[in-house]
Amino acid sequence: MRTYTLPLIAGLVLGGLVHIVTTLTMPRVASEDAFARLARLGPPNVVQLIPESTPTQAILPRMDPAFLSAICVYDLSSAALRVRVPTTPDYTSISFYTRYGLAYYALNDHAAGARTIELDLMTAAQRAALPEDEEITAADRLIVESPTSEGMVMIRVLVRERGLRDEVRARLAEASCSPTS
């Protein structure tokens with residue numbers, strides 16, 4: 001029994017290490033990650049509606065059919081972005097992700113308390129370069145600081161009744177993600 005104990009423990013430890021390394025490196029080396037699939041929908045810094053999933057085709061797996069979604073794949077290397085999303089009567093949320101899918105900020109219409117959610121998305125360097133203006137307070141201007149220059153802004157809108165899908169889709173099409181001047 002003792003002759004098998006050391007190789008068994010070594011095998012378990014080695015297997016555990018391989019599992020951990022593989023799990024942590026997979027998002028960095030995967031060629032068909034969410035960012036790559038969503039980037040094919042259109043140019044960067046433009047809001048694109050995500051097509052509804054069918055049984056044979058889906059851009060993203062396990063999307064909730066009660067929600068309509070839009071995405072803005074962004075690149076902040078040249079300028080900061082102004083994100084504007086009109087809210088809907090039911091529920092609207094905005095989530096911010098890095099290039100590799102790490103969520104770093106989220107906001108919904110109830111927390112924003114406005115009919116249109118409007119914010120500026122920028123890197124730490126772009127925020128540091130902003131001029132100080134005493135008349136503009138933090139409450140007047142919502143700034144989201146991105147940890148990377150590339151990433152995704154996911155907009156999700158609840159559609160309570162199937163008959164309202166076209167109306168809610170038209171409202172979601174009004175969302176914008178454009179460079180600031």
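The values are calculated or read from the model by the stated rules, or taken from the named source; none is laboratory data. Values in this document were obtained by computation on a predicted structure and should not be read as measured data. Cβ coordinates were reconstructed from backbone atoms using ideal geometry, including for glycine residues, and neighbour counts include every protein chain displayed.
Restricting attention to region 109-121, does a residue exist that is of a type in the set (A, V, I, L, M), within 15 Å of the chain's Cα centre (by Cα), at pLDDT 85 or above and not in a loop (DSSP other than H, G, I, E, B)?
yes
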If I filter region 23-35 for residues that are exposed (fewer than 15 other Cβ atoms within 10 Å of the Cβ), part of a loop (DSSP other than H, G, I, E, B) and of a type in the set (A, V, I, L, M, F, W, C), do I get at least one hit? yes
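Determine whether region 79-95 contains at least one residue that is assigned by TED's automatic domain parsing to the domain that holds THR54, closer than 16 Å to ALA39 by Cβ and out of contact with any strand residue (DSSP E or B) (no Cβ under 7 Å at 6 or more places or on another chain).
No; the residues of region 79-95 include none that is assigned by TED's automatic domain parsing to the domain that holds THR54, closer than 16 Å to ALA39 by Cβ and out of contact with any strand residue (DSSP E or B) (no Cβ under 7 Å at 6 or more places or on another chain).
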Name every residue in region 74-96 that is within 12 Å of ILE155 (Cβ to Cβ) and part of a strand (DSSP E or B), in order of residue number. VAL83, ARG84, VAL85, PRO86, THR92, SER93, ILE94, SER95, PHE96
Of all residues in region 86-105 being surrounded by fewer than 18 Cβ atoms within 10 Å (Cβ to Cβ) and within 25 Å of GLU161 (Cβ to Cβ), which is farthest from the chain's Cα centre (by Cα)? PRO89
Of the candidates ARG28, ARG40, the one satisfying the condition of being farther than 26 Å from ALA124 by Cα and basic (Lys, Arg) is ARG40
In region 38-51, the residues that are free of Cβ contacts under 8 Å to residues at least 24 places away in the same chain and surrounded by 15 or more Cβ atoms within 10 Å (Cβ to Cβ): ILE50
Residue list for region 61-73, filter: on the phi < 0 side of the Ramachandran plot, part of a loop (DSSP other than H, G, I, E, B) and of a type outside the set (Asp, Glu): PRO61, MET63, PRO65, ALA66
For ALA170, are the conditions met, namely being part of a loop (DSSP other than H, G, I, E, B) and of a type outside the set (Ser, Thr, Tyr)? no
Run down THR3, THR54, THR23 and say which single residue is within 25 Å of ARG162 (Cβ to Cβ) and free of Cβ contacts under 8 Å to residues at least 24 places away in the same chain. THR54
Give region 168-181 a look and list any residue that's in contact with a Ser or Thr (Cβ under 9 Å, 6 or more places away or on another chain) and over 15 Å from ARG84 (Cα atoms), or say none. VAL168
